[in-house]
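The values are calculated or read from the model by the stated rules, or taken from the named source; none is laboratory data. Everything numeric in this text was worked out from a predicted model, so none of it was measured. Positions of Cβ are generated from backbone atoms using ideal geometry, with glycine treated the same way; all protein chains shown enter the neighbour counts. Surface areas here come from the heavy atoms of the whole protein model, side chains and all, with no ligands, DNA or RNA. Shrake-Rupley method; radii C 1.70, N 1.55, O 1.52, S 1.80 Å.
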Amino acid sequence: MSADLFRTERLTRRYHNDGREVPALTDVDLRIAPGARLGIVGESGSGKSTLVRLLAGLDRPTSGRVWFEGTQITALPERRRGFLRASVQMVFQDPRSSLNPRMRVGDIITEPLRSRLLRPQLDGLDHRTRLAEVLAAVDLEPDAADRYPHEFSGGQRQRIAIARALAPKPEVLIADEPVSALDVSVRAQVLNLLTDLVAAEGLSLIVVSHDLLVVRHLCDELAVMRAGRIVESGPTEQVYTHPSTEYTAALLAAIPRIRTGPGEPGASR
Amino acid sequence: MKKAQLIAGLLLVGVVTLAAVVSLFWTPFDPIQVVPGQRLQPPGPVHWLGTDGFGIDIFSRMLVGARTTLLVGIISVGLAAVIGAPLGMLAGQAGGWIDDVVMRISDVVYALPALLLAMLLASVFGASTLTAMVSIGVASIPAFARVARAGTLQVMAADYVLAARASGTSRWGIAGRHVAPNIAPVLGVQSSVGFAMAILAEAALSYLGLATPRPNPTWGNMLRDAQDYIFVAPLQAVWPGLAIALAVLGFNLLGDGLRDYLDPRLREVA
Amino acid sequence: MTLLEVCDLTVTFGRHRRPALDGVCFSLDAGCRLGVIGESGSGKTVTALAVMGLLPEYARVSGTVELAGHQITQLSESGLARLRGDVVSMVFQEPMTALDPTMRVGRQVAEVLRLHAGAESGPARAAVVRMLAEVGLSDPDRVADAYPHQLSGGQRQRVILAMALINAPDLVICDEPTTALDVTVQATVLAKLDEVLEASGAACLFISHDLAVVSQVCDQVVVMLDGRIVETGSVADLFANPQHPYTKGLVAAAQLDAATPGQRLPVVEDFYQPDAGAKR
Amino acid sequence: MQLAGRILKRLGVFVVSLVGASVLIFVITQALPGDVAQTLLGTQATPDEVAQLRAQLGLDRPLIVQYLDWFGHVLVGDFGVSHLSGDSVISLLLPRLAVTMWLVGLSMVGSLLLAVPAGMVAALKRRSWQGVLVSASAQAGMAIPVFWGGILAVMVFAVWLRWLPANGYVPLSENPASWARHLVMPVVTLSVVQAAVLIRYVRTALVEVLNEDYYRTARAIGWRPMGALLRHGLRNAAISLVTVLGLQVSSVLVGAIVVESVFNLPGLGSLLLTAVAQRDLLVVQGTVMFLVLAVLVISALVDFSYVLIDPRQRAVQEGR
């Protein structure tokens, strides 16, 4: 019906907490074009993670609808979501929690390939070949497959998580705070890896982050969220240099920058 | 230190198991036949631990008692694990009303301790090894269900389950690949600790005459008999109690040792 | 005048482990602010705990820590307790968990006064409310009567700041004080920290993985790597002109906004190769 | 408002548990294979006598009617009638209740008085010999069956030292000193064994507190370890301990029944054991129902004390 990759209509999600309703996402209308690199920025509680979980079909909205490549996925039962699962893959914030400590790295990465739901979409992808391919793609040694996650450093674990996401040859990669649990030096490596992969594999990319600079580096489009709503969106550089809302301007102003010149401590404020 | 616990636990459990196995083939004397001329012999070269008020060799009865102890433990813990663990996993993975129903049933059973269940069963059917096993087993179900549920909830909250779902892994795949392997260690620990509790419960029940009846020996009913002679032959009341305590200690130590040994994340830190 | 002098400080946890701190030396003058930069496992937090005398009892410590004339590593537990909260105080990373959830916030702040000055409850309350106002809490009376769970992260961090400052200590140690906060809240808390430190004249040991935050708060910086200090300097010099290859890499990798979006970011390995085999 | 909801929910759990437990008890005694009338009369009874008793007890009615009739009576405090003596269960219960209540109550208090300080030592000194000693003692105590503990106590204090009576009971109103002398051993035995179990929970809860940021904050403002633990640790540890105590109620009760048997105390335990021995099914059924009701009420009350300890349960929660 349209050429959109994702489209949402009045997407709303409320959680129940101790008998009280907590709105996490309210009336979000969003269009994402194929091949887009979209960054979603917001502070804690802005609803950014809720939004991408709804896009990935990992949660069901309270009301509103989501289309993926023209198919409405909101009402679809799990057994008919195979195409979505094969096409949309996620990378999470903390690789310590996103890798099962009791599975070998090889089994973790090939888990998507073993899913009965995905098999029809993957027409006979050979597990071992694909495992070798994706390990190479994220710069890990082939013998990593036989080891357990705790034998790897934080940056390497995030590479394993990225390899898992790549395994079923997805069209879309959704990364939820992919570098905020990592050290500064590792952060740059993982950002470089993501940039390279997105270009090499021709992926669409959706990045959720509290850090505007991370999103600016990875994405060409930007959506700023606050309290469950999108308050501003547009091309990254435009939003970054000429924010149209006060909130975005405040967000930008609050980013700490390295003070290299002389001056009193705190003078930059 | 932790490894020492594991080894000590294995040793104690091994000794009890050995005693039970040996008793199947050999005991120094007949553990049941009353010998009127041999009443209340002190420990010595013939009767290592002496004889009881019926003239029966106490060591022989201790060996056979180990068998009953293990049998009741295995059956009741097995029953509790086979029913409780899947229920707990179901509750944890399904959530919602299924969780509520399972946990309420578990609360109900929890309110009825093994002793009271055993009293009810014993007054209907008469006390036997079977009523003891059933009541201990049923009363232990909630513990397994709770442990399995808590573990399942923890696993289900982890991002790797979300990642698995995002990869199209089915409920069964998540249960089999993610939940089961991750809660297996806690269930192993619970089995060991539950075994210790079962031994204590069996001992209490047979002490009160609510489990295996005379003349078949159990450590609990031996203590009941020994109490009648406490002013004459106090040592009689020491051996079976010591056996119970060491068996319970063994299974508790084994459980604690397992807890640390089975967790790869803890091993990494150590 | 030197307030804090750390000399050849080495700390080891467990017999067979690499030292968490290995021959660390630095000094801090009264009223000055020293930033400690490093990545996870570099020994920043262990340094802070060593200065507080709060290292776990199984830690093996050698070297000296002299704070306002006291030998911290030699002091008894009660001697240390007298200094903590009075001469030296600390602001922690996690405002959500650093306050006792079962006690009203005002009483927790008052406790700091009472532990050291033996203040009466009436004047203590007034001092607490004044301090809460000073750290920028707009409704100090209400906040004093609130439980921690009734406050936001930023409010809690201000309460902790109030606890750290109410006895006018000589040294405030801040361990990643804003890492858990949103950027906009971080900016206001940092500004307030700057202001109250300025007003009280206290020195500050500021520990952070965030180079930008450190550069804004501190005058001097030390860079830590694997339990050692690799470079020391003034904020202006060190960030503009890093000398040690690791520092160069760190400064380059940290400046996301300096890179062109989509282009390759500089990584630490471009400048500095850690020993083979070490986990990075 | 939120608090009211919480209390209502807990009451709901209480009601559901009560109904569930009563069904379970009823099913075991009356619906399982085996005939109540046959059981009560024994194997010598003629089929006629059995049929007559069945009619008299109303056993020929549908099960659901029987259950509702029985549970309805339980709700108004009628726990049934002994078939053998004709006395109502409640009249058999009440005179013996005091003994069991003293035993349970004093042992609960005793075990807490032992376990809390011991648990504090075990937690604070967990890396030195004092803590290891406490933990090892607790481990050993947990392995000792309560009745064997009682027997050993009798051996030492009654047989060997002759300080205390080996068994029996004197009501408090008759002779307070003698009452106390008869209760010392049972109470101490039960307290020690229960404390061994509790120490582990106290230790675990306190070690958790020791790792909390607010404990570190307390140390950083100048509390010494013990002071910080007393001031900020106990209250927080109590939140998780309350749950444990609620669950411990039934285990103390079970322990009390066993201990009564060891020391020949005329409490509910001896009533139950006599009834079981005589196959007086209705007395067993009624007494067990009464005990389950008591356990459920006490656990619910213990649960409510959460609210007193944890301010987060009282006020409206923010965030999350």
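Of note:
- In percent, rounded to a whole number, the relative contact order of the range C:2-241 is 29, using alpha-carbon pairs under 8 Å and six or more apart.
- If the convex hull is drawn through the Cα atoms of the range D:89-310, its volume per residue in Å³: 142
- Cα centre as origin, Lys/Arg/Asp/Glu Cβ charges: the protein assembly as shown dipole, Debye: 1480
- Equivalent ellipsoid, the range D:2-75 (semi-axes from 5 times Cα gyration tensor eigenvalues, Å): 36, 11, 8
- Here residue B:2 is the anchor, and the lysines within straight C-alpha reach of less than 28 Å, apart from those fewer than 8 places off in the same chain, are C:279, D:125.
- Interface area, chains D and B: about 3900 Å² of buried accessible surface, summed, with a 1.4 Å probe and ligands, DNA and RNA left out.
- Distance (nanometres) between label positions extended 7 Å along Cα→Cβ at residue A:220 and residue C:10: 5.7
- Listed by number, the DSSP H helices of chain D that run 30 Å or longer by alpha-carbon position along their axis and have mean Kyte hydropathy of at least 1.6 are D:89-124, D:234-263, D:281-309.
- Chain C: Rg to Rh, with Rh as the Kirkwood radius over Cα pairs: 0.98
- Debye, to nearest 20: dipole size of the range C:2-241, +1 on Lys, Arg Cβ, -1 on Asp, Glu Cβ: 620
- Of the DSSP H helices in chain B, those with a Cα length along their own long axis of 27 Å or more and a mean Kyte-Doolittle hydropathy reaching 1.0 comprise B:2-25, B:58-94, B:129-157, B:180-207.
- Label-point separation in nm, residue C:60 to residue B:40, each point 7 Å along Cα→Cβ: 6.2
- Rolling a 1.4 angstrom probe over the protein heavy atoms with all chains in place gives the range D:89-310 an accessible area of 39 Å² per residue.
- Efficiency of FRET from Cβ geometry, residue C:126 and residue C:78, R₀ 30 Å, rounded to 0.05: 0.55
- Spin-label model, residue D:84 to residue D:27: label points 7 Å out along the Cα-to-beta-carbon direction sit 2.9 nm apart.
- With the gyration tensor restricted to C-alpha atoms of the range B:195-237, the semi-axes of the equivalent ellipsoid amount to 20, 11, 7 Å, longest first.
- Sequence-separation-based contact order of chain D, relative, with Cα cut under 8 Å and 6+ spacing, percent: 26
- Checking the Cα-Cα distances for C:192/C:248; A:169/C:248; A:48/C:192 against a 32 Å cut-off, the pairs over it are A:169/C:248.
- Surface composition of the range D:1-88: carbon and sulfur make up 66 percent of the accessible area, probe 1.4 Å.
- Over all other residues within a Cβ to Cβ distance under 15 Å of residue B:44, the charged ones net out to -1, with Lys and Arg as +1 and Asp and Glu as -1.
- Loop-resident sites, the range A:89-193, for trypsin sites (Lys or Arg not before Pro), counting at most 13 other Cβ within 10 Å (DSSP): A:116
- In the range D:211-320, GluC sites (Glu not before Pro) in a DSSP loop with at most 14 other beta-carbon atoms within 10 Å: D:318
- Between the C-alpha center of the range C:245-260 and that of the range B:1-58 there is a gap of 74 Å.
- Counting only DSSP beta bridges with both residues in the protein assembly as shown, the antiparallel share comes to about 55 percent.
- In this assembly, the A-C interface accounts for approximately 3400 Å² of buried accessible surface in total, computed with a 1.4 Å probe and without ligands, DNA or RNA.
- The residues of chain B present an accessible area of 41 Å² per residue when probed at 1.4 Å with all protein chains retained.
- Shown here: the protein assembly as shown, whose C-alpha atoms stretch 102, 76, 60 Å along the first, second and third principal axes, sorted largest to smallest.
- Fraction of beta bridges assigned by DSSP in the range C:2-241 that are antiparallel (%, nearest 5): 55
- Using alpha-carbon coordinates, inclination of helix C:105-117 to the longest axis of chain C, degrees: 90
- The range D:100-153: translational diffusion in µm²/s, Stokes-Einstein, Kirkwood Rh over Cα pairs, 25 °C, 0.890 mPa s: 198
- GluC sites (Glu not before Pro), loop per DSSP, at most 12 other Cβ atoms within 10 Å - longest free stretch of chain C: C:121-280
- Average accessible area per residue (Å²) across the range A:6-253 - probe 1.4 Å, nucleic acids and ligands excluded: 39
- Sum of -39500 (n - 2.57) over DSSP H runs of 4+, divided by residues of chain C (222 nm, nearest 500): -11000 deg cm²/dmol
- P(r) for chain B, from all Cα pairs and a bin width of 5 Å, is 1, 6, 11, 14, 15, 14, 12, 9, 7, 5, 3, 2, 1, 1, 0, 0 %, short bins first.
- When accessible surface is computed with a 1.4 Å probe, chains D and C are found to bury approximately 2600 Å² between them, both chains counted.
- Within the range B:17-76, the chymotrypsin sites (Phe, Trp or Tyr not before Pro) that combine a DSSP coil assignment with at most 10 other C-beta atoms in a 10 angstrom radius are B:26.
- Note on residue D:9: aspartates and glutamates with a C-alpha under 13 Å away, same-chain residues under 8 apart excluded, are A:18, B:100, D:303.
- Remark on the range B:126-255: Rg and Dmax equal 20.9, 73 Å (Cα only).
- Chain B - mean residue ellipticity at 222 nm from DSSP helices (-39,500 (n - 2.57) per run, n ≥ 4, rounded to 500): -24000 deg cm²/dmol
- Computed over chain D, the per-residue total of -39500 (n - 2.57) for DSSP H runs of n ≥ 4 gives a 222 nm mean residue ellipticity of -24500 deg cm²/dmol, rounded to 500.
- Tail weight of P(r) past 31 Å, computed on alpha-carbon pairs of chain A, percent: 29
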